[in-house]
Every structure is written in structure tokens, then in C-alpha cells.
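The values are calculated or read from the model by the stated rules, or taken from the named source; none is laboratory data. None of these values were measured; they are calculated from a predicted model. Note that we place each Cβ from the backbone using ideal geometry, even for glycine, and neighbour counts take in every protein chain shown. Accessible surface areas use protein heavy atoms only, side chains included; no ligands, DNA or RNA. Shrake-Rupley method; radii C 1.70, N 1.55, O 1.52, S 1.80 Å.
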Amino acid sequence: GHPSRPRTRSIGPAVRFQHPRNTARSCGLLVLLGLMCTSTASIADETTELAATPRVRIAWSETAPVIDGRLDDTVWQDAARIDHFVQVNPVQGAAPTQRTDVRLLTDGRTLFLGIRCDDDSVSDLIADRIGRDEFLLDGDAVSFIFDSFHDRRHGYYFEVNARGGRRDVLIEDGDFDVNWDAIWRTSTTIDSKGWTVEVAIPFSSLNYAPKSDVWGFNISRAIRGLREEVRWADPARNRFIANLKHAGRLEGMSGISQGLGLEIVPTLALRRTDDREEDRHQFDVQPSGDIFYKLLPSLTGVLTINTDFGEAEVDPRRVNLTRFNLYYPEQRRFFLQDELLFDFADLDGNGQPFYSRRIGLTPEGVPFPLIAGAKVTGRVGEHYKLGVMNVQADRHDGISAQNLTVARGAVNLSPSTTVGALFTHGSPEGGDSNTLAAFDLSYDTTTLAGNRSLSATAWYQQSFTQGTDGQESAFGGTLKYPNDRYNWLVRFMEIGENFNPALGFVNRSDIRQYEGRFRHRLRGIGHFRTLDTKLNGTFVTDTQNVLQSVEMIFVPLELTTPTRNSIAALYTHFYERLDAPFEIHPGVVIPDGRYNFDQGALHWSAGRSSALQASLFLDAGTYYTGTQIGASPSIKWRPSYRWLVELDYQYNYIDLREGKFSTQLVTLQVDHQFSTDLAWETTIQWDNQTDALGLNSRLAWSLQDGRQIAFVFSQNLTTPGRLRVLSTQLLLKVFWTLRF
């Protein structure tokens, strides 16, 4: 896995699963197939003969370099240097075709990197995006990681491309938080012989072990004109650079400082709202603020007062053809800060004990006011990590003010084993008292049979809801073998009928869910980079072992080229047991009963590194009492590195005995980057189920990292008959970070 997109979460586990009669036999076959293929694969298929862990000692200087994208400051002459890289792709273990020179130094308050990337064909450079947090590795870019605790579990990932586009990602036990934003600076230049980047990362932007002299470090370069990736440490194709367990050593880090570790972020929001449906017209001035304090270099306290989330990204609209609620990712800054520390086991979706969107948002996604919130997150000592949050929600919609608490702690029993606990108390919807206690155990190694990865997770949860008696538990486990040639997973969970995490997410209870996945990959087949074959199966019964749903997905062929164009064919078999009628569309009700249906699909995408990128997903087949046809084309156009125009369309036509209907969803996104610090982003969404059009346009100017002015224009319109404005909102928000 790699942070190519926000952490993927299931949006409705067991949405339409179902069938074969021999459920246990089929699930067992998936497991047996994975184990047999793994055991018979030669170690050479998965491993690379790697040199000893490389190391470098950082240089110290009383003078800081000027960050201007040039390495002409004399201070760089005495910096530590790295110039030995090894190919990962296309020829694993080969020497690079282009020279890369990296320099590292510190003045004790900031870490500086200077990177020179020689290139014989500068005209072939690919750097078509400069937006913050865009995926940059489709072009010419460098990426680097820091394991600031040297525990091989927690770290920071950064990307910079040839035009100064940048991205930062938080790493926590193999998970990625792409919403994390650090305060750091970069500058790049391009000349006739290559390109140069300078980076400055204040230590106050990172957590670290204060007494450690060694950090984990690795750096990689993508040379897209040659389809080449080179890496300093761990040039293994079956691992991404963000794998901390095989990083090199950055020595000489003791003695660094964060200053006082105090950060104050006052915020002012000016908002004008005109709601024609409710005849509400008002102007609001809302001051708020956040205070961050480093209790330790590894532990951060946060206080938020009168919090406003008006500048958060708008949720994407989705068409829901399932019986279950959809899962949306968090978008708000306060809850995103160190959010991975609150992750539990490997749950993303159904059965999750803590889901931060339950705080400050109704189930329909409508915000409600928060008076204040406080968090303490980070690490204590070498083996302990914790996250504690308390939020006071104001009264709203007839619900009295509520105090909500979540606490998460974990201890590393060994470099591979972690045991943790999670506790929540309170209900955002008021009513009966609710408490939850949860425990998890995880194991992760990358040295199985020499150089392979294996991970396992087990967990247990118990909710305590006033007036509920019994069946409030949930438990499960996962075993993963996530390697390059053979990649498989088996998972089980049981969720009791009355399991109720009031601060979590459950969209399907009273179930036992069995899941298996298997993928076989071949590389270098003709002109293709990879050839994959996949088989996935998910089986759901109730807690009385009565089969409820099955989903079996077979991908006989998925081909990917060196430029990452791809095509795949899919076959899916579904079984659904409906114990009650299901209204799939207004006026279209599927009666209770047992249903088997089959669908075929084709997925094609092209142009990942081109100005014009396109993808198409087509599916068709039987569906409950009739048929279904779907098409999802997408076009992404980058006429220059400053512009992005993306159009997505989703269409479904469903013909059932109970009725016919179609669903349509159109999303248009237009972004313009005036510079790396000034961006204008506009999203327009329309769907035929609500016949409503939504517009959200955001102009954000970052005067410097942590100091931003944002102007947001939002409008909802109704489309039947004639276009009519329902509501309009104008928001001007300023936040200003002060560090001491």
C-alpha cells in the first residue's frame, strides 16, 4: 500500500453480499489457495538481496541556508551527503541512469535538505501539478520519510516535485493520514541539466523521541520520463518507501529543540447566510481559536474554543443503492490532528468503535455547534502512545448539551507486537447513557522467510447502553500476507444485535462476516508492467448462522503498463436474503425473499502521467427481480500545471418487476493554482434523486504555512422546471499561527 489517496474506508460493509450454499467450503478454499501458493513460492520471487542498512550522520551548522531552490550557499558544502541510490523499477537492484545528490544539515531548530536531480532530458520532465497534497509521484518528484522515534512504527512522509508541489503524510503502524498538514517550506528550480529542491522542516512541526540520537530515514526519486524509481535504502519492489521497518539511519539528531513548543492559532470567521426556504437571512462574526502545546517533544496538547468548520471541504455526493448507511471520511482540522492515534485494529467502516463525524455533525452531515474541545496525543517513553479527547457539544435540535469523551492507548510489547485499548463515553444524540470499552492486539513483521510481510490483528468490543440487556459485544480478527507476487487476506468479525457504540459507526449488526482475498501478480509480461489475477469473497450470516449475503468477485485479468494505464475484467456473484421489504428507490419496493444475481464489469484507465487522463467503468447483469446497467466515465484534463478540470459521471439504469428507474450523479471540479500558495477550487455536484445542484467555490491564500485567508462561496439550487436558488452562504475566514 502507499498514500496515493486518502486512507480507503469501506462505505457500507456487506452491502450486497451473498451466496453459494457451501459457504464454509468456499471461504476455506480461498484461505487454502492463499496458503498453498505462498508456501510453494520461492523466496526469490518476493525478496531482494539487500545491502546492510545505510547510514548518514547529519551535519550541524550555526548558519541556516536560504531556501531559494539553489544549492549555492556555502553552508551546503559542509552538509552530510547521500549520492548512492539503487533502482527499484524498472530493473530492481540496477544502478540509476541519472545522478541524485542529497545533502542534510540542521541548526538545531530546523532540518534542511538540499536535493540535486540531474537529468539528461530536462525537456521530458513531468511536473503537471503544484497543488498542496496532490499525488505527485506520477511525475518527476522526490519523496522522503523520517521515523523520528526510530521505532519503525510512526513517522512522516513528504513529497516534492520539480515545480514545488508538495505533500505531507502522517504514518502510523502502516496506515496513512494524507489530511495531515505540517508547517514546512520548499523551493525548487529547473535548469538545463536537471532540477533542484531545498526543504526546511522545523522540529516544532514534528513529534520525536527527545533523547534519541538516531532517526529512521529514507529517500526516493521518481524519474518519470524513464519510468524509473531509485531509492537510498531498501530498494525492494514489494515495499513502498513509506515502510519504516527498512529505513536507513539518520544519526546525530540528539540536541535538537522545538523552542517553547507553544502554538496559538486565533481564527476569525465572517459569514453571511441567505436561506430562502426558511426565510432566514443573517450575518455572523465568529472568533475562535486553537492552542497547541508540546507537553513533551513527543506529546501534544490541543485546546479548541468556539470551533468553526466552515472552510472544511464539502462531502462528495453519493448514490446509495444499498440498505446501509454510507461511510464518509473526516474533513475537519481539529479531528484530523493525530487522528491515526485513535484508529482501532484494522476497522474502517462497520463496527468501528470511534467515528469522529459523530461529534459536531448529525447523521445527515449537518453541523451542530461545539463549545470547546481538548486533546492530548502522542507518545510517552519508548513504548507507549495515547490519544485522549473531550468535547463539549452545545444543545441543538431539541438535544441537550452533551459531554463526549474518547481515550485510546497502546503499548509496544515488542518491535512487532502492540496491545491497545479504547474507551468512549457519552452519546451525541442524548438519551440513554452509553459507554464502550474495546481492546486490540496486532502483530506485524517484514522478515517472514527472509523479506516478506505478514500481519495479524485480533480485537474485542463491549458497549454498555442503559436499558439494554445482552448481545452488546463485537469481536474479530484479520490475517494478512501483503506481498508483491502473492497477496492474501482472511478476516472474521461478529457484531451482536444490540452492539451500540454511540461514538462509533455501525450500519449492520447481528452478523458474522467472513472475508477472503487473494491476488497473484506477474511482472514483466511482454509490454506490461504487471498482470494480476484476483479472487475476493465476503460471506455474511446472522448470529444464528443463517446466510444473509454473499459477494464473490473474480478478476481473471488485470493488466497495467509501465505508464500505469490499466484494463481489468470482473465477474461478480451476489446473494441477498431480504427479511423485510427494501425500498431501493422512492415508490420501488423489493419484496422480502432470497435473490441470486450476477454481473460482469470492465474497468479501463489511461493517462496517469499525461495531460488528459480518462477512466471508464461499465457493469451489467441481473439485479434482484430484474436487470441493471451502469456506466461511470471520468475525464481529468490538465492543460498546464496550474489548471485541473475533472468531470465524473455515474449512471445506473435498473429495470425491476416492481418498477424502473435511473440514477445520475455529475461532479465537475475546476481548480486553478495561481502559485503553490494561492489556489482557487470549485466543485459543482448534481444528482437526479434530489434534483438539486450544489456549488462550492474556495479561494485560499497561504501567506506562509500556518497563516491563511480563505474565501468560500456555497450555493444550493433546485433544478426541476427552472433553476432556483435555495440558499447561499459567503464565508471569509482567517487563521494565523503564532509559534513560540
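Kindly indicate which of T719, T682, T690 is hydroxyl-bearing (S, T, Y) and either within 27 Å of the chain's Cα centre (by Cα) or more than 23 Å from D274 (Cβ to Cβ) (or both). Working first, answer last.
Values: T719 fails: either within 27 Å of the chain's Cα centre (by Cα) or more than 23 Å from D274 (Cβ to Cβ) (or both); T690 fails: either within 27 Å of the chain's Cα centre (by Cα) or more than 23 Å from D274 (Cβ to Cβ) (or both).
Just a single option satisfies the conditions, and that option is T682.
Might you let me know whether the range 543-554 holds any residue that is assigned to a loop (DSSP other than H, G, I, E, B), closer than 30 Å to P90 by Cβ and in contact with a His (Cβ under 9 Å, 6 or more places away or on another chain)?
So the first thing to find is which residues in the range 543-554 are assigned to a loop (DSSP other than H, G, I, E, B), and the list is 543-546.
Narrowing the set further to residues that are closer than 30 Å to P90 by Cβ leaves none.
Taking every residue of the range 543-554 in turn, none turns out to be assigned to a loop (DSSP other than H, G, I, E, B), closer than 30 Å to P90 by Cβ and in contact with a His (Cβ under 9 Å, 6 or more places away or on another chain).
Tell me which residues, restricted to the range 313-337, are of a type in the set (D, E, K, R) and either part of a helix (DSSP H, G or I) or open to solvent by less than 20 Å² (accessible area, probe 1.4 Å) (or both). It would help to see each step written out before you state the result.
Filtering the range 313-337 for residues of a type in the set (D, E, K, R) gives 313, 315, 317-318, 323, 330, 332-333.
Those that are of a type in the set (D, E, K, R) and either part of a helix (DSSP H, G or I) or open to solvent by less than 20 Å² (accessible area, probe 1.4 Å) (or both): E330, R332, R333.
Yes or no, residue by residue, for (1) over 18 Å from T683 (Cα atoms); (2) out of contact with any strand residue (DSSP E or B) (no Cβ under 8 Å at 6 or more places or on another chain):
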position: L703; (1), (2): yes, no
position: G706; (1), (2): yes, no
position: V712; (1), (2): no, no
position: T718; (1), (2): no, no
position: R722; (1), (2): yes, yes
position: Q729; (1), (2): no, no
position: K733; (1), (2): yes, no
position: W736; (1), (2): yes, no
position: F740; (1), (2): yes, no
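Of all residues in the range 651-690, how many are open to solvent by 50 Å² or more (accessible area, probe 1.4 Å) and not in a strand (DSSP E or B)?
6
Mind checking which strands (runs of 3 or more DSSP E) fall wholly inside the range 187-234 and carry at least 2 residues that are within 30 Å of Q337 (Cα to Cα)? Working first, answer last.
Numbers: elements: 194-202, 214-223, 228-231.
Passing ranges, in order: 194-202, 214-223.
Residue by residue, here is whether (1) surrounded by 16 or more Cβ atoms within 10 Å (Cβ to Cβ); (2) of a type in the set (A, V, I, L, M); (3) over 29 Å from D432 (Cα atoms) holds:
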position	(1), (2), (3)
F499	yes, no, no
Q513	yes, no, no
G526	no, no, yes
L531	yes, yes, yes
L535	yes, yes, yes
L547	yes, yes, yes
P556	no, no, yes
L559	yes, yes, yes
P581	no, no, yes
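Please indicate, with yes or no, whether at least one residue in the range 346-369 is polar (S, T, N, Q), in contact (Cβ under 8 Å) with a residue 40 or more places away in the chain and either open to solvent by 40 Å² or more (accessible area, probe 1.4 Å) or closer than 20 Å to L170 by Cβ (or both). Break it down stepwise before answering.
If we filter the range 346-369 for residues that are polar (S, T, N, Q), which is where we start, we get 350, 352, 356, 362.
Narrowing further to those that are in contact (Cβ under 8 Å) with a residue 40 or more places away in the chain: 350, 352.
Subsequent filtering for residues that are either open to solvent by 40 Å² or more (accessible area, probe 1.4 Å) or closer than 20 Å to L170 by Cβ (or both) retains 352.
Within the range 346-369, one or more residues are polar (S, T, N, Q), in contact (Cβ under 8 Å) with a residue 40 or more places away in the chain and either open to solvent by 40 Å² or more (accessible area, probe 1.4 Å) or closer than 20 Å to L170 by Cβ (or both).
Could you grab me the full set of residues in the range 131-181 that are of a type in the set (A, V, I, L, M) and open to solvent by less than 10 Å² (accessible area, probe 1.4 Å)? So that I can check it myself, show each step before the final result.
Residues of the range 131-181 of a type in the set (A, V, I, L, M): 136-137, 141-142, 145, 160, 162, 169-171, 178.
Once the filter is applied, which keeps residues that are of a type in the set (A, V, I, L, M) and open to solvent by less than 10 Å² (accessible area, probe 1.4 Å), the range 131-181 yields L136, A141, V142, I145, V160, A162, V169, L170, I171.
If the Cβ limit is 9 Å and pairs must be 6+ apart or interchain, which residue in the range 272-301 that is open to solvent by 90 Å² or more (accessible area, probe 1.4 Å) pairs with which residue that is of a type in the set (A, V, I, L, M) and outside any strand (DSSP E or B)?
Y293/L260
Could you please find all residues in the range 583-609 being under 27 Å from T541 (Cα atoms), in contact (Cβ under 8 Å) with a residue 60 or more places away in the chain and open to solvent by less than 30 Å² (accessible area, probe 1.4 Å)?
Step one: list which residues in the range 583-609 are under 27 Å from T541 (Cα atoms), which gives 583-585, 588-601.
From what's left, in contact (Cβ under 8 Å) with a residue 60 or more places away in the chain: 584-585, 588-591, 595-596.
Answer for the range 583-609, where residues must be under 27 Å from T541 (Cα atoms), in contact (Cβ under 8 Å) with a residue 60 or more places away in the chain and open to solvent by less than 30 Å² (accessible area, probe 1.4 Å): I584, V588, I590, Y595.
Can you tell me which residue is nearest to Q673 (Cα to Cα) among those in the range 632-645 that are open to solvent by less than 30 Å² (accessible area, probe 1.4 Å) and in a strand (DSSP E or B)?
Of the range 632-645, the ones open to solvent by less than 30 Å² (accessible area, probe 1.4 Å) are 634, 638, 644.
Filter again for in a strand (DSSP E or B), leaving 634, 644.
Numbers: S634: 22, L644: 9 Å.
Checked the range 632-645; the qualifying residue nearest to Q673 (Cα to Cα) is L644.
Limited to the range 468-479, what total is found for residues that are open to solvent by 90 Å² or more (accessible area, probe 1.4 Å) and more than 23 Å from E515 (Cβ to Cβ)? Break it down stepwise before answering.
Taking the range 468-479 first, the residues open to solvent by 90 Å² or more (accessible area, probe 1.4 Å) are 469, 471.
Filter again for more than 23 Å from E515 (Cβ to Cβ), leaving 469.
Looking only at that region, the number is 1.
Step by step: first the residues of the range 87-116, then only those that are of a type in the set (K, R) and either open to solvent by 50 Å² or more (accessible area, probe 1.4 Å) or in a loop (DSSP other than H, G, I, E, B) (or both), then the one that is nearest to V160 (Cα to Cα). Which residue is that?
Within the range 87-116, the first condition is being of a type in the set (K, R), and the residues that meet it are 99, 103, 109, 116.
Subset that is either open to solvent by 50 Å² or more (accessible area, probe 1.4 Å) or in a loop (DSSP other than H, G, I, E, B) (or both): 99, 109.
On the way: R99: 17, R109: 21 Å.
It comes out as R99.
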